[in-house]
Amino acid sequence: MAEASQTGGQFELPIRVYIEDTDAGGIIFHAKYLHYMERARTEWVRSRGVELRAGLAENISYVVQSLSISYCRPGRLDDLLQVSADLVQCGRVWMEFEQKVVRVSDNALLAAARIRVACIALDTGRPRRLPASISALMAAASNNQPE
């Protein structure tokens, strides 16, 4: 399988569809797309030198605040997918990504989503400012200043 790639603010992660990802007919179960997108966002952050475990030690976590997804075509067992994560906007306590899942063999768009991820304090579950290091990475990647 190919390695993850990054251009500008966009990150791409290759993922193979396994039997555990599919329903009885060999079609990707709809919730699995969210798993793929979560992996791509996590690897997007990691590719910029940020370890999520360090945030946990500092009482920081990230949660999906909102999500809008469109399923366009079915993916199937053994497909090789390219899952992208592109930071499109950020604020003081959130990051918003556009994400796509594309089948490599025919470049077919399988799913597209817009996902807002909020920063929270682990102990209270309340929103908190993005750490300065993350904010700087987000601003550089999106070419936007936090709102």
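The values are calculated or read from the model by the stated rules, or taken from the named source; none is laboratory data. For clarity, every value in this text was computed on a predicted model and none was experimentally measured. When we count neighbours, we look across all protein chains shown, and the Cβ atoms used for this are built from the backbone with ideal geometry, even at glycine.
Mind listing whichever residues of the range 118-142 are under 30 Å from VAL17 (Cβ atoms) and modelled with pLDDT of 95 or more?
ALA118
Do you know which of the residues in the range 98-116 that are free of Cβ contacts under 8 Å to residues at least 40 places away in the same chain and not acidic (Asp, Glu) is nearest to VAL17 (Cα to Cα)?
Of all residues in the range 98-116, those free of Cβ contacts under 8 Å to residues at least 40 places away in the same chain come to 98, 100, 102-103, 105-109.
When the remaining residues are screened for being not acidic (Asp, Glu), the result is 100, 102-103, 105, 107-109.
On the way: LYS100: 15, VAL102: 12, ARG103: 10, SER105: 13, ASN107: 15, ALA108: 15, LEU109: 15 Å.
Here the answer is ARG103.
Okay, residues lined up against (1) touching a Lys or Arg at 6+ places or on another chain (Cβ under 6 Å); (2) closer than 22 Å to GLY125 by Cβ; (3) free of Cβ contacts under 8 Å to residues at least 12 places away in the same chain; (4) not in a loop (DSSP other than H, G, I, E, B):
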| position | (1), (2), (3), (4) |
| --- | --- |
| HIS30 | no, no, no, no |
| LEU34 | no, yes, no, yes |
| ARG48 | no, no, no, no |
| ARG53 | no, yes, yes, yes |
| GLN65 | yes, yes, no, yes |
| SER70 | no, no, no, yes |
| ALA85 | yes, no, no, yes |
| VAL88 | no, no, no, yes |
| GLU96 | yes, yes, no, yes |
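Considering the range 72-83 alone, what residues qualify as being in a loop (DSSP other than H, G, I, E, B) and among the hydrophobic types (A, V, I, L, M, F, W, C)? Reasoning before the result, please.
First pass over the range 72-83, keeping only residues in a loop (DSSP other than H, G, I, E, B): 72-75, 77-79.
Matches in the range 72-83: CYS72, LEU77.
Which one of these is over 19 Å from ALA108 (Cβ atoms) and not hydrophobic (A, V, I, L, M, F, W, C): GLY55, GLY26? Write out each step before concluding.
Working: GLY26 fails: over 19 Å from ALA108 (Cβ atoms).
So the residue among GLY55, GLY26 that is over 19 Å from ALA108 (Cβ atoms) and not hydrophobic (A, V, I, L, M, F, W, C) is GLY55.
Every residue in the range 104-116 that is within 16 Å of LEU67 (Cα to Cα) and either among the basic types (Lys, Arg) or crowded, with 20+ Cβ neighbours inside 10 Å (or both), please.
Result: ALA111, ARG114, ILE115, ARG116.
Which one is farthest from the chain's Cα centre (by Cα), of the residues in the range 44-68 that are β-branched (Val, Ile, Thr) and under 18 Å from GLN10 (Cβ atoms)?
At the first step, the residues of the range 44-68 found to be β-branched (Val, Ile, Thr) are 45, 50, 60, 63-64.
Pick out the ones that are also under 18 Å from GLN10 (Cβ atoms) and you get 45, 50.
On the way: VAL45: 9, VAL50: 14 Å.
Step by step, filter the range 44-68, then rank; the result is VAL50.
For VAL101, indicate whether it is touching a strand residue (DSSP E or B) at 6+ places or on another chain (Cβ under 6 Å) and closer than 18 Å to TYR71 by Cα.
Numbers: touching a strand residue (DSSP E or B) at 6+ places or on another chain (Cβ under 6 Å): yes; closer than 18 Å to TYR71 by Cα: yes.
So VAL101 passes the test.
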